[in-house]
Amino acid sequence: MLPYALLLSLLPLCVIAQDGAISGPTTSPSAAGYSCDPTKCKLPDCNCASTDPPGGLKPSDVPQFIVFTADDAVQSYTLDSVNQFIGQRVNPNGCPIKMTYFTSLSYTNYTLVTDWYVAGNEIADHTMTHVGTPSAQEINGNLIALNALAGIPLSDIKGFRAPFLNYSVDTLKLLAQSAFTYDSSAAASIPVTDPNTDAYWPYTLDNGMANNCLSVPGTCRGEPKLPGFWEIPMYAFFDERGVVGPHLMDPWLDAANGASTVNDTATLEYMKKTFTDHYNGKRQPIGLYTHPIHLSRTYPGVNAPMSTINMINAFLDWAQQQQNVWIVSNLQLLEWVRNPVPVSQLSNFAPLKCTTPQVDSSAQICNGIPKNENGLLSHCAFSDFPFYTCYGCPTEHPTPDQPNPPQDTSQGQPERHRLPANCSTPFWDPIAGKCLCTASTCTFTDLSRPIGPNGANLTGGGTGDAFNQPDSLPSYTPFSAGTPSALLAAGAWPALFISALGALVGLLGVMARL
């Protein structure tokens with residue numbers, strides 16, 4: 001077995017290869033050659049790539065959205081990491097923050113995917129085994145496995161992000177053919193203050209791509225034409241160097257302003273500056289795109305930098321003190337873009353509300369709600385990586401060639417029932433094979449509060465600014481759902497080593513494109 005310290009030292013390789021680092025503009029107006037007629041391309045199913053807010057709204061009537069996403073495996077320590085930033089926050093309507101998790105299945109604990117989804121978050125596709133330029137089996141196999149073993153409805157897996165942000169024209173075509181709603185792999189790489197900015201609001205590919213034209217062959221100049229398929233750009237932060245100082249994924253891991261070491265104070269300054277440029281301009285979204293493992297305080301043997309954790313919370317605290325700022329998932333953003341309403345009407349905008357499934361807390365049902373499913377999870381004790389699921393252990397790990405293996409009944413255990421298309425996950429009993437609520441009026445309670453100009457709060461809630469107290473710990477609620485105490489089985493360490501080497505290879509491929 002490889003030494004533990006060596007394995008930990010390899011983790012940064014995974015960061016570098018996966019963080020989608022860019023060193024400058026990835027497109028230009030001449031390279032894009034983009035043309036779109038807004039009189040013919042109209043919402044909700046078509047939208048031109050534009051810096052102007054959708055629906056003809058004035059920027060002052062537009063919410064400032066901060067999109068929060070995470071990539072890769074779902075584990076207790078990754079959810080704990082995410083929760084330290086959003087677990088205690090609420091939007092202006094009092095609803096808890098929801099985010100998008102681009103899920104790959106290597107080392108993922110399926111029951112935590114179920115729990116995270118039932119809690120209201122978006123689960124999206126990041127391929128099964130985290131490979132660049134993925135095959136159809138990698139993409140669609142992920143859908144099948146998430147549906148079979150995590151109980152995520154196929155109709156709710158709408159988004160995709162390419163590992164290493166390494167996509168191609170064929171990837172985009174495959175996504176559209178597979179009925180995905182959107183991709184979010186392309187960078188917005190030029191500041192919004194630049195007249196040539198590529199920070200477009202989400203747009204459809206009816207008239208081709210308008211981002212990454214200098215780095216993805218065969219895109220732009222009207223290609224690929226994929227009517228009704230959306231691109232949600234990933235909006236970079238920029239340090240004091242401007243267009244040559246972009247920071248895309250995990251910006252807090254980068255050294256700011258061309259320095260050789262990370263400086264949290266400098267990072268906070270350019271994050272605030274970029275946010276302000278968006279907020280005072282046309283209010284294009286801004287994004288926090290994370291690999292949560294790097295800031296986890298529950299991953300064994302890794303000491304996450306508390307100064308950086310506090311800095312991110314300080315940024316979010318500051319941002320939420322501004323009027324009409326919302327932290328959202330990709331899907332919530334896209335729902336608003338398709339049906340834009342001014343901030344004065346957001347009280348009635350359903351995708352931003354917090355509708356919570358009402359299930360008797362004493363009921364014994366394996367449904368993605370920790371209180372209900374306690375003691376009912378199946379423990380799939382694979383030697384390379386064990387996991388839990390509500391939906392019965394497979395005979396082998398899912399693979400791209402076999403994403404839904406037969407259930408293991410070798411010990412006489414009965415098969416569990418997979419989620420049907422006509423039942424909502426929190427109301428499905430996979431042991432009894434019945435739906436607790438089959439009516440269209442299944443019990444969901446709306447807990448959102450009114451918002452608007454008549455004295456209602458137009459700002460959200462934060463955890464309190466702790467950035468100037470580097471030894472303090474922001475208050476948050478850890479996520480727990482009865483997961484194994486051992487995060488990695490012995491056999492997983494060599495696999496992690498191979499994964500790190502693969503990440504390094506991916507990095508070389510990304511660098512070759514830039």
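The values are calculated or read from the model by the stated rules, or taken from the named source; none is laboratory data. Predicted, not measured: the structure shown is a model, and the values here were computed from it. For neighbour counting, all protein chains shown are included, and Cβ atoms are generated from backbone atoms with ideal geometry for every residue, glycine included. In case anyone asks, the SASA skips ligands and DNA or RNA and just uses the protein heavy atoms, side chains included. Shrake-Rupley method; radii C 1.70, N 1.55, O 1.52, S 1.80 Å.
Using label points projected 7 Å from each Cα along Cα→Cβ, tell me how many nm separate Thr276 and Ser410, to one decimal.
Those two pseudo-labels are separated by 6.2 nm.
Using 0.36 nm per residue, how much length does the chain from Asp401 to Asp37 gain when fully extended, once their Cα-Cα distance is taken away? Before the final figure, lay out the partial values.
Numbers: separation 364, 0.36 × 364 = 131.04 nm, distance 4.26 nm.
Gain on stretching Asp401 to Asp37: 126.8 nm.
So what's the gap between the Cα centers of the stretch 51-102 and the stretch 103-154, to the nearest angstrom?
20
For Leu268, Leu175, give me the order by solvent-accessible area with a 1.4 Å probe, most accessible first, ignoring ligands, DNA and RNA. All intermediate terms of the calculation are to be shown ahead of the outcome.
Numbers: Leu268 20, Leu175 0 Å².
Ranked list, largest accessible area first: Leu268, Leu175.
Do you know the relative contact order of the stretch 284-376, to the nearest whole percent, from alpha carbon pairs under 8 angstrom that are 6+ apart? Write out the running numbers ahead of the final one.
On the way: 36 pairs, mean separation 9.7, N = 93.
After rounding, I find 10 percent.
Heavy atoms only, probe 1.4 Å: what % of the accessible area of the stretch 370-440 goes to carbon and sulfur, would you let me know?
C and S atoms contribute 47 percent here.
Ignoring everything but the protein chains, give the 1.4 Å probe accessible area of Thr108 in square angstrom, nearest 10.
0
Using a 1.4 angstrom probe, figure out how much accessible area the stretch 120-167 has per residue, in square angstrom, rounded to the nearest whole. Please list the in-between numbers first.
Values: 1120 Å² over 48 residues.
Spelled out: the 1.4 Å probe surface of the stretch 120-167, per residue, equals 23 Å².
Quick query: amide H of Cys220 versus all other amide H atoms, modeled in the peptide plane; which residues come in under 5 Å with a sequence gap of 5 or more or a different chain?
Correct list: Met209.
Which of rounded, prolate or oblate describes the stretch 215-266 when judged by the alpha-carbon gyration tensor and an a/c cut-off of 1.5?
Details: a/c = 3.72, a/b = 2.68, b/c = 1.39.
Prolate.
Arranged from highest to lowest average of other beta-carbon atoms within 10 Å per residue, in what order do the peptides 377-388, 319-330 appear? Show your work: numbers first, answer last.
Numbers: 377-388: 17.8, 319-330: 20.7.
Answer by packing, highest mean first, reads 319-330, 377-388.
Can you put Lys42, Lys98 in order of accessible area, largest first, using a 1.4 Å probe? Intermediate results must be reported in sequence, preceding the final value.
Details: Lys42 125, Lys98 40 Å².
Greatest to least solvent exposure: Lys42, Lys98.
Excluding Val328 itself, what net charge comes from residues whose Cβ is under 15 Å from its Cβ, given Lys and Arg +1 and Asp and Glu -1?
Details: positive: Arg89, Lys98, Lys158, Arg283, Arg338, Lys353; negative: Glu122, Glu335.
My count for the surroundings of Val328 gives +4.
Mind giving me the nanometre distance, one decimal, between the label points for Arg221 and His379, set 7 Å out from Cα along Cα→Cβ?
6.0
By the scheme Lys and Arg +1, Asp and Glu -1, what is the net charge of all other residues having a beta-carbon under 14 Å from that of Asn280? Walk me through the intermediate numbers first.
Details: positive: Lys58, Lys272, Lys273, Lys282, Arg283; negative: Asp277.
For residues surrounding Asn280, the net value is +4.
Using a 1.4 angstrom probe on heavy atoms only, work out the carbon and sulfur share of the accessible area of the stretch 16-151 in %. Don't skip to the end; give the middle numbers.
On the way: 1990 of 3720 Å².
Here it works out to 54 percent.
Which value, in Å² rounded to 10, gives the accessible area of Ile369 with a 1.4 Å probe and all protein chains present?
40
Grab the other residues whose beta carbon is less than 12 angstrom from that of Cys46, score K and R as +1, D and E as -1, and report the net. Don't skip to the answer; put the middle values down first.
Details: positive: Lys40, Lys42, Lys225, Arg338; negative: Asp37, Asp45, Asp206.
Net charge in that neighbourhood comes out at +1.
Based on the Cβ-Cβ distance of Ala136 and Cys435, what FRET efficiency does E = 1/(1 + (r/R0)^6) give at R0 = 30 Å, to the nearest 0.05?
For Ala136 and Cys435, the calculated efficiency is 0.45.
Between the stretch 233-251 and the stretch 19-47, how many Å separate their Cα centres?
The distance from the Cα centre of the stretch 233-251 to that of the stretch 19-47 comes to 18 Å.
Quick check for you: with a 1.4 Å probe and neighbouring chains kept, what is the accessible area per residue of the stretch 174-232, in Å²? Mind dumping the intermediate values first?
Values: 1810 Å² over 59 residues.
I get 31 Å² per residue for the stretch 174-232.
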